[in-house]
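Q: One structure follows; several queries about it will come next.
The values are calculated or read from the model by the stated rules, or taken from the named source; none is laboratory data. Because the structure is a prediction, the values reported are computed rather than measured. Don't worry about glycine lacking a Cβ; one is built from the backbone with ideal geometry, like all the others, and counts go over all protein chains shown.
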Amino acid sequence: MIESVLVANRGEIACRVFRTCRDLGISTVAVFSDADAGALHVREADSSVRLPGATPAETYLRGDLIVKAALAAGADAVHPGYGFLSENADFARAVTGAGLTWIGPPPEAIEAMAAKTRAKELMGLPPLDLADVTEDDLPLLIKASAGGGGRGMRIVRQLTDIDHQLMSAQTEALTAFGDGTVFVEPYIEGGRHVEVQVLADAHGTVWVLGTRDCSLQRRHQKVIEEAPAPGLSPELTDELHTLAVRAAKATDYRGAGTVEFLVADAKAHFLEMNTRLQVEHPVTEAVFGVDLVALQVRIAEGEALPPTPPAPQGHAIEARLYAEDPAAGWAPQTGTIHQLALDGVRLDSGYAAGDTIGVHYDPMLAKAVAHAPTRAEAARKLARALERARIHGPATNRDLLVRSLRHPEFADGPTGAGFRLDTGFYDRNLPELTTPTPGAHLAALAAALADAASRAGRFGGGWRNVPSQPQVKRYGEHEVRYRFTRHGLEADGCPEVRLDAAEPGRVRLEIGGVVREFTVARYGGDTVYVDTASGSHTFTAHPRFTDPSDLVAPGSLLAPMPGVVVRVADGVEEGCRVAAGQPLLWLEAMKMEHRISAPVAGTLTALHAVPGRQVEVGALLAVVAP
């Protein structure tokens, strides 16, 4: 029997595994980098071990140090989570070689499937030879052989771009997985990303726990997942299940694994097998009523699965809440989380109030999961929970998630006229999904009234015989002007608004006869958070007077996030001419490369970016004079 588990991971998945271990009566051990010394997964473990590393990202790739940590802490088993070393056969061997139990598939199965080139050969689908690629093969997808999560992936639409995209994919793959090997395959546009969850024991039983659809993706990373995958024919579902079982049996698989496919024109195209637990495993757990982590532990202990899995019930949808700005090229965000609260749905997270989102790891804050009898009910439940959530901190993709779940292409379902579920969803719909949230001016008015109440206690009952100048406050792009008269509140642009109550942190406004409540929060800085029943707003409160030194010169390119300058584009130097949209340099943050391009055509009058330089958010990188 397993008595103590070390999780060779961090963040959300470490917290998730710890939760099940506590339920099973198993003690827990965390490992952490210097950057994660105060992280939630460290606080939740029974004990923890610091891992020294050259960089925070490399720390969790040091399998030798993780094995030493497990032995030092008295753990008798290791769970790898997902990412990092979860699909590293050498690490699995090192764990078992040290006399520890590996909560995962055999190293031989990992080797057979973790290298995607070998997996394709095993399934009879060898990758393309880059030397033989022609125009007829376009578009192509360059893909990291190790790892996943969209890292190390690049689309090639012109043969002249191959060398650049190849180098970029290799660099990103090496940083994320410690292995820069990539391969090339046809890029199938307009397909759906469908996967099958399998679970196998050491006694020959293989469970198929249905399908999942993960088509809503950005930058090849999943955003919304659901189970079961909607609209598949019984014949196609059977084919997917058959191929998944074949993959598991071909590798003498044990534990949890996922076989991924691209579905187009009612045909299944094998992508890969992930020999680990998936990020989106909670939707399968909800539909089948199982705990996949608990089953992983029991299989590792040698237990046999029942002959057949439980019957599925209902529908589940998961949304990944990222600290990022979708309207700004999905740029990741950093900073302190002041509050993170969602009600009525399952919330898996590696962060709590007071934690800081740094630059070293993936910007996923949490996963919100809704389960209901039907797909439509699950989507409605999840959208409403996200809409009412209190998320105070860096910018997130919360509004995008709500609108995605309500968009006709997703919400109409397989029988609806607008249904169109494929990996191009965000390419088609991003502009309409990132428009400003309605009601922002009213929210800004509420913020101004709450601010006044916090300074004056209670107010609003007094008025003057002689009309006074209005109070003026600026929140982001919104200028709020209001005054109190004998008739009560008068606010420019809001003729039907009446003040019902105002206190520090809470304002009630009557709008056209309907009373609505606004909660207002501020945590010592200039950022103001306003939450309502129909959505949330975040503003920057501007001072009445602006210091000229705070103004930014036109054409300045500022770092959108903290990171490291990876490289500067060839031929880019001070004094050169650049075109609008021309790539100038690349930043690396959160294990992803982010391109910084010229905002306008003009002359590069200053270039402060140097490869290897660490920059903070807002740092001046370059100046382009139009």
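Q: Only strands (runs of 3 or more DSSP E) wholly contained in the stretch 197-271 count here; list those with 2 or more residues that are touching a Cys at 6+ places or on another chain (Cβ under 9 Å).
A: Ranges flagged: 221-227.
Q: Which one of these is over 18 Å from A114 (Cβ atoms) and either part of a loop (DSSP other than H, G, I, E, B) or in the same structural domain as E272 (by TED's automatic domain parsing) (or both): G180, G152, G190?
A: Exactly one residue qualifies, and that residue is G190.
Q: Restricting the stretch 510-525 to residues that are within 35 Å of the chain's Cα centre (by Cα) and not basic (K, R), which is surrounded by the fewest Cβ atoms within 10 Å (Cβ to Cβ)?
A: G524
Q: Sort out which residues of the stretch 327-373 are more than 11 Å from the chain's Cα centre (by Cα) and of a type in the set (D, E, K, R), and write them in order of number.
A: D343, R346, D348, D355
Q: Looking at the stretch 390-445, which of the residues that are more than 22 Å from A264 (Cβ to Cβ) and of a type in the set (K, R) is farthest from the chain's Cα centre (by Cα)?
A: R406
Q: Tally up the residues in the stretch 267-299 that are under 18 Å from T237 (Cβ atoms), surrounded by 24 or more Cβ atoms within 10 Å (Cβ to Cβ) and in contact with a Pro (Cβ under 7 Å, 6 or more places away or on another chain), please.
A: Count: 1.
Q: From G53, G81, G74, grab the single residue that is in contact (Cβ under 8 Å) with a residue 12 or more places away in the chain and crowded, with 19+ Cβ neighbours inside 10 Å.
A: G81
Q: Which pairs do you get when a residue that is assigned by TED's automatic domain parsing to the domain that holds T59 and over 11 Å from A14 (Cα atoms), found in the stretch 36-48, comes within reach of a residue that is among the aliphatic types (A, V, I, L, M) and in a strand (DSSP E or B), reach meaning Cβ atoms under 6 angstrom, with the pair 6+ apart or on two chains?
A: Close Cβ pairs (under 6 Å, with a partner that is among the aliphatic types (A, V, I, L, M) and in a strand (DSSP E or B)) amount to S47/V29; S48/A30.
Q: Quick one: which of A114, A89 is crowded, with 18+ Cβ neighbours inside 10 Å, closer than 30 Å to P363 by Cα, outside the structural domain of T160 (by TED's automatic domain parsing) and in contact (Cβ under 8 Å) with a residue 40 or more places away in the chain?
A: Being crowded, with 18+ Cβ neighbours inside 10 Å, closer than 30 Å to P363 by Cα, outside the structural domain of T160 (by TED's automatic domain parsing) and in contact (Cβ under 8 Å) with a residue 40 or more places away in the chain holds for just one of A114, A89, which is A114.
Q: Regarding A316, is this residue among the small types (G, A, S) and part of a strand (DSSP E or B)?
A: yes
Q: Oh, and also: Take the conditions outside the structural domain of E172 (by TED's automatic domain parsing), part of a strand (DSSP E or B) and not charged (D, E, K, R) and apply them to V283. Does it pass?
A: Criteria not met by V283.
Q: Looking only at the stretch 590-618, count how many residues are over 19 Å from Q165 (Cα atoms), surrounded by fewer than 13 Cβ atoms within 10 Å (Cβ to Cβ) and not small (G, A, S).
A: 3
Q: If I ask for residues that are more than 19 Å from W330 (Cα to Cα) and small (G, A, S), which ones from the stretch 395-441 would you list?
A: Correct list: A411, G413, G416, A417, G418, G439, A440.
Q: Can you tell me which residue in the stretch 171-225 is surrounded by the most Cβ atoms within 10 Å (Cβ to Cβ), limited to those that are at pLDDT 90 or above and touching a Gly at 6+ places or on another chain (Cβ under 6 Å)?
A: The qualifying residue surrounded by the most Cβ atoms within 10 Å (Cβ to Cβ) is V198.
Q: Can V287 be described as under 15 Å from I13 (Cβ atoms) and β-branched (V, I, T)?
A: So V287 fails the test.
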